[in-house]
Amino acid sequence: ITDINNILLYEYKCYIMSLPYFLKIDKIIPNTENYINVDSNKIVYWKNQIEMHNSEKKLNVGVCYKGLLNSYIEKYIPIQDFEILAELNINLVWLHKLSEIKEDLNTVTFKDKIKTFEIDNDLAFVDTIAILKNIDILLTIDTSIVHLAGILGIKTILMLSTSDWRWFSDNEKLWYNSVELLRTNDNESLISLLPEVKNIIKNMI
């Protein structure tokens with residue numbers, strides 16, 4: 001960087017999750033420190049909101065099915081394919097801004113089983129963090145939310161394609177102890193993981 005005030009001036013860029021790959025690091029010590037500020041008032045607010053939509057005290061399952069950034073690594077599961085989970089007696093809480101998934105919601109046959117909220121309009125992730133603190137488990141593709149959940153110690157299932165070196169090549173809990181990794185087999189899409197995810201959730205009910 002030639003100008004400390006202009007971070008756009010650089011010769012190379014490396015995303016932090018790719019550092020182990022370029023530095024040839026093959027062992028990661030899981031993070032155990034929660035360095036995220038949590039708004040206690042928001043936690044209470046979202047606890048009440050979620051309970052209001054879950055009078056039967058069902059298992060609260062958070063879902064993040066797509067990210068905002070395009071990637072050559074598969075990071076998207078069509079919303080309709082989550083119907084396999086809607087069959088379970090659970091409370092599905094979508095961790096997306098309602099405005100960002102409105103079109104997708106209009107394509108599903110189980111819309112009435114999905115709980116959606118308009119979140120994070122004031123500050124980035126402030127509502128998401130509070131919702132994570134009020135669910136039993138998070139199901140997610142590889143996006144920023146998995147790191148929030150991992151730092152917060154939220155039980156999480158991360159669905160990965162096989163070619164993602166940032167999570168190494170096995171299913172050990174590498175970056176966070178609370179995050180369980182599920183990987184596709186060669187040439188399979190992330191959709192193929194949903195039956196296994198369903199069985200994990202069934203065992204939690």
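Just wondering, is there one or more residues in region 53-73 that are out of contact with any Pro (no Cβ under 9 Å at 6 or more places or on another chain), over 23 Å from Glu100 (Cα atoms), surrounded by 14 or more Cβ atoms within 10 Å (Cβ to Cβ) and at pLDDT 95 or above? Checking region 53-73: at least one residue is out of contact with any Pro (no Cβ under 9 Å at 6 or more places or on another chain), over 23 Å from Glu100 (Cα atoms), surrounded by 14 or more Cβ atoms within 10 Å (Cβ to Cβ) and at pLDDT 95 or above. Residues in region 172-187 that are in contact (Cβ under 8 Å) with a residue 12 or more places away in the chain and in a loop (DSSP other than H, G, I, E, B) were compared, and the one that is most open to solvent (accessible area, probe 1.4 Å) is Asp186. Taken over region 86-110, the criterion of being of a type in the set (A, V, I, L, M, F, W, C) and under 17 Å from Ile145 (Cβ atoms) is satisfied by Leu92, Val93, Trp94, Leu95, Leu98, Ile101.
Filtered by the rule that a residue be open to solvent by 70 Å² or more (accessible area, probe 1.4 Å), under 21 Å from Ser178 (Cβ atoms) and either of a type in the set (A, V, I, L, M) or modelled with pLDDT of 90 or more (or both), region 15-36 gives Ile16, Ile29. Evaluating Asn121 against the criteria (1) exposed (fewer than 14 other Cβ atoms within 10 Å of the Cβ); (2) in contact (Cβ under 8 Å) with a residue 40 or more places away in the chain; (3) part of a loop (DSSP other than H, G, I, E, B) leaves one unmet condition, (2).
If you check Lys113, Lys133 for being more than 15 Å from the chain's Cα centre (by Cα), of a type outside the set (Ser, Thr, Tyr) and under 14 Å from Val63 (Cα atoms), only one passes: Lys113.
What residue, among those in region 130-167 that are of a type in the set (Lys, Arg) and part of a loop (DSSP other than H, G, I, E, B), is nearest to Gln49 (Cα to Cα)? Full working, then the answer.
At the first step, the residues of region 130-167 found to be of a type in the set (Lys, Arg) are 133, 155, 166.
From what is left, the residues that are part of a loop (DSSP other than H, G, I, E, B) are 133, 155.
Values: Lys133: 13, Lys155: 21 Å.
In this case the residue turns out to be Lys133.
Could you look through region 95-117, keep only residues that are touching a helix residue (DSSP H, G or I) at 6+ places or on another chain (Cβ under 7 Å) and within 27 Å of Tyr35 (Cβ to Cβ), and pick out the one that is least open to solvent (accessible area, probe 1.4 Å)? Here the answer is Leu95.
The values are calculated or read from the model by the stated rules, or taken from the named source; none is laboratory data. These numbers come from a predicted model, not from an experiment. Neighbour counts are summed over all protein chains in view; Cβ atoms, including those assigned to glycine, are modelled from backbone coordinates with ideal geometry. Only protein heavy atoms, including side chains, enter the accessible area calculation; ligands, DNA and RNA are left aside. Shrake-Rupley method; radii C 1.70, N 1.55, O 1.52, S 1.80 Å.
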